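Below is one structure, written out as structure tokens; comments come after it.
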Amino acid sequence: MSIKKLLGLGLVATGAIASSLIVVKPAEAFVIKDGWNYEIDVYNDATPVRTDGSSAYELYGMAYKVSNGIATIAINSNMVLEDGYASSGSEDGRLDFGDLLINFSGDDLQTASANADLFGIRFAPNSDSGVAEIGVYEDVTAQLAPGNFQWDSLQAYNDVLAPYDINPSIGDGSVFNNIDDYFGGASGQPLNSIASGNKIGDIEMLSPEEIASLGLDFGYFHGAKQGNQTIAFSFDYGLLPAGSALYHLGFECNNDVIGGEFEGEAVPTPAAILPAILGMFGAASRKKNSDDEQLA
């Protein structure tokens with residue numbers, strides 16, 4: 001994971017110089033645009049399949065930013081947060097977002113869950129989460145959201161998409177592949193809901209007006225294809241440990257799942273990176289000049 005992040009930082013630096021401080025590198029170790037760290041999913045890999053990306057269960061992307069001790073997370077999809085989606089495959093007649101699961105442990109998902117070593121965020125008010133309140137949780141164990149249809153395995157999900165020549169992914173594929181050992185391999189299923197945990201803090205759901213002011217640009221990717229719903233929430237980042245983590249989010253049915261890598265430290269903006277890069281170049285130039293003088 002750290003190699004991917006270092007690769008991404010190098011891309012950020014070169015992109016900053018080459019594109020007048022605009023940094024966008026889709027499908028690399030991470031994607032940074034206007035200070036937001038994006039994870040972009042295949043736009044039409046939800047089931048039931050809609051090749052144009054219009055499935056109600058399509059997760060287009062996620063983005064996060066950590067600034068001044070506040071973490072903000074945004075999700076772009078076709079799912080209405082409060083309403084969910086009517087489904088005869090659910091005991092309560094509807095499907096909703098699952099919970100956001102965050103893993104700092106270094107273990108795979110099943111092991112971290114068994115050890116109650118996950119963090120989780122419940123943000124969907126009508127979901128089938130195992131915890132009652134919206135908020136941030138520690139000491140989390142995870143489950144498949146109870147009372148909902150799910151595919152038997154990641155491979156079963158892949159097999160449904162294969163006739164459409166769709167190459168499904170969990171995020172952009174730079175962190176997870178679609179039969180990743182982290183989730184249990186081809187026969188596994190991503191746990192998508194908090195089973196138990198201890199609440200440690202609240203989240204603040206942002207209004208449509210607040211979201212519009214954030215500078216998000218999910219429409220930049222996939223030729224402007226994006227979901228018709230963007231939700232976002234913020235919380236005190238001090239509730240989470242320092243360092244990097246893996247995260248993922250699925251609908252309760254796992255008809256689409258997205259995931260990536262989360263860094264607690266805010267990634268420097270291009271304006272902050274550029275002086276450092278120029279400083280390195282300047283130091284190298286001064287050293288070269290000094291060496292040339294010594295040779296003369």
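Can residue 152 be described as part of a loop (DSSP other than H, G, I, E, B) and either among the polar types (S, T, N, Q) or farther than 28 Å from residue 238 by Cα (or both)?
The answer is yes for residue 152.
If I ask for residues that are buried (at least 23 other Cβ atoms within 10 Å of the Cβ) and modelled with pLDDT under 95, which ones from region 85-123 would you list?
Once the filter is applied, which keeps residues that are buried (at least 23 other Cβ atoms within 10 Å of the Cβ) and modelled with pLDDT under 95, region 85-123 yields only 95.
For residue 154, indicate whether it is within 23 Å of residue 240 (Cα to Cα), touching a residue at least 24 places away in the same chain (Cβ under 8 Å) and surrounded by 24 or more Cβ atoms within 10 Å (Cβ to Cβ).
Numbers: within 23 Å of residue 240 (Cα to Cα): no; touching a residue at least 24 places away in the same chain (Cβ under 8 Å): yes; surrounded by 24 or more Cβ atoms within 10 Å (Cβ to Cβ): yes.
For residue 154, the condition - within 23 Å of residue 240 (Cα to Cα), touching a residue at least 24 places away in the same chain (Cβ under 8 Å) and surrounded by 24 or more Cβ atoms within 10 Å (Cβ to Cβ) - is not met.
Can you name every residue in region 188-230 that is more than 19 Å from residue 74 (Cβ to Cβ), touching a Ser or Thr at 6+ places or on another chain (Cβ under 7 Å) and surrounded by fewer than 21 Cβ atoms within 10 Å (Cβ to Cβ)?
Scanning region 188-230 gives 188, 189, 195, 196.
For region 70-111, which positions are acidic (Asp, Glu) and farther than 25 Å from residue 215 by Cα?
Matches in region 70-111: 83, 91, 92, 96, 107, 108.
Which condition breaks for residue 262 when tested against (1) modelled with pLDDT of 95 or more; (2) surrounded by 20 or more Cβ atoms within 10 Å (Cβ to Cβ); (3) out of contact with any helix residue (DSSP H, G or I) (no Cβ under 8 Å at 6 or more places or on another chain)?
(1)
Please work out which residue is nearest to the chain's Cα centre (by Cα), limiting yourself to region 30-83 and to residues that are among the charged types (D, E, K, R) and over 18 Å from residue 205 (Cα atoms).
Restricting to residues being among the charged types (D, E, K, R) and over 18 Å from residue 205 (Cα atoms), the top hit is 39.
Taking residue 242, is it modelled with pLDDT under 95, among the aliphatic types (A, V, I, L, M), more than 15 Å from the chain's Cα centre (by Cα) and on the phi > 0 side of the Ramachandran plot?
no
Taking region 49-84 as the region of interest, how many residues are touching a Pro at 6+ places or on another chain (Cβ under 7 Å) and either within 15 Å of residue 231 (Cβ to Cβ) or among the basic types (Lys, Arg) (or both)?
Looking only at that region, the number is 1.
Only one residue in 215, 238, 184, 173 is touching a strand residue (DSSP E or B) at 6+ places or on another chain (Cβ under 8 Å) and in contact (Cβ under 8 Å) with a residue 60 or more places away in the chain. Which one?
Checking each option against the conditions leaves just 215.
The values are calculated or read from the model by the stated rules, or taken from the named source; none is laboratory data. Because the structure is predicted, anything quoted here is derived from the model rather than measured. Please note: Cβ atoms are built from the backbone with ideal geometry, for glycine as well, and neighbour counts cover all protein chains shown.
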